[in-house]
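Each value in this text was obtained by applying a stated rule to the coordinates, not by laboratory testing. Source: prediction; values computed, not measured. Ideal geometry is used to build each Cβ from the backbone, glycine not excepted, and the neighbour counts take in all protein chains shown.
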Amino acid sequence: MHPKSDVPNPLQGIPIEFVGSFPDPRVRVEPPLPEIAFIGRSNVGKSSLLNALVGRPGLARVSGSPGKTTLLNFYRLPALYLVDLPGYGFARASKSDRAGYRKLITGYLQTRERLAGIVWLLDIRHDPSKEDQQMHELLIESHRPVLAVFTKTDKLSRSAAATRERELAEKLGLQPEQVTSTSSRFGLGIPELASSIIAAGGEENS
Ligand code: GDP
């Protein structure tokens, strides 16, 4: 059984506005505000998580079959931007697609002055893929604060999910406070993640 979480979500019902989709990681957005970016392998559940966080099922597009967008999607909350970075790990991506993707992400990680944190999504059921490992290296090199979010925990029993959380954190060399387990489908871990995002966004958001 996976009952819905009854902890209040501080981002639920907050005003949110789609700012735009941008190909340039150095894009200037007005007004400048702290940014929290979301990244993960394609199909990891990133759109579902964004929608669950703000309680808007139609905000980000949930796809059965992964597409190939390489745009940064900016959403504005009153005092914070949520930035949906494109997913990685397409089986059909060419060598130049991969190089372009890497340039986009490193450009974003290296240049955003107001980047306050990165939410890195991993499917709780799978060991980190080669692309996940590569992303992990980029994240470490960026020296930005990272919160690893394990997705789709409802696909496992509670005890199996707790064991996997520990195993994955250990494999990735992450401390317990750097990981959080979620189910967008059942709202599990979502209020807690929303609170962490607000805290990372700083004083303007509390
Ligand atoms: P994205 O490509 O990372 O944006 O992933 P999506 O949000 O589009 O989700 C990919 C697939 O995983 C869709 O079929 C979703 O319905 C499914 N999914 C996403 N989150 C969950 C979850 O918490 N539980 C379960 N069981 N399925 C999920």
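Taking the Cα centre of the chain as origin, work out the dipole magnitude from +1 charges on Lys and Arg Cβ and -1 charges on Asp and Glu Cβ, in debye rounded to 20.
760
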*Residue by residue, what Karplus-based ³J(HN,Hα) values in Hz, rounded to whole numbers, does the stretch 119-132 have, using 6.51, -1.76 and 1.60 with θ = phi - 60° and x for Gly and Pro?*
9, 9, 9, 9, 6, 4, 7, 10, 5, x, 6, 4, 5, 4
*Only Lys, Arg, Asp and Glu count, each charged at its Cβ (+1, +1, -1, -1), so figure out the dipole size of the stretch 105-181 about its Cα centre, rounded to 20 debye.*
220
_S181 long-range amide H proximity, modeled H, under 5 Å_ = F150
_So if I restrict to the alpha-carbon atoms in the stretch 57-170, what is the Rg, and what is Dmax, the biggest pairwise distance, in Å?_
15.3, 42
*Over all distinct alpha-carbon pairs, what is the Kirkwood Rh of the stretch 141-206 in angstrom?*
12.9
*asked:* With a 10 Å cut-off between alpha carbons and a GNM built on the chain, which of I36, I14, I124 moves the most?
replied: I14
_What percent of all Cα-Cα pairs in the chain falls into each 5 Å bin, going from 0 up to the bin containing the maximum distance?_
1, 7, 16, 21, 22, 18, 11, 4, 1, 0
_Counting only other residues whose beta carbon sits under 13 Å from that of V27, what net charge do I get with K and R as +1, D and E as -1?_
0
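How much mean residue ellipticity at 222 nm does the chain get from its helices, if each DSSP H run of length 4 or more adds -39500 (n - 2.57) and you divide by all residues, to the nearest 500 deg cm²/dmol?
So the calculated ellipticity at 222 nm is -10000 deg cm²/dmol.
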_Among L168, S181, F90, which residue has its Cα furthest toward the positive end of the charge dipole of the stretch 62-206, with +1 on Lys/Arg Cβ and -1 on Asp/Glu Cβ?_
F90
*Please give the peptides 82-90, 177-185 ranked by average Cβ packing (other Cβ atoms within 10 Å per residue), highest first, as a rough proxy for protection.*
82-90, 177-185
*Extension gain, Q133 back to E177 (0.36 nm per residue minus Cα-Cα distance, nm)*: 13.9 nm
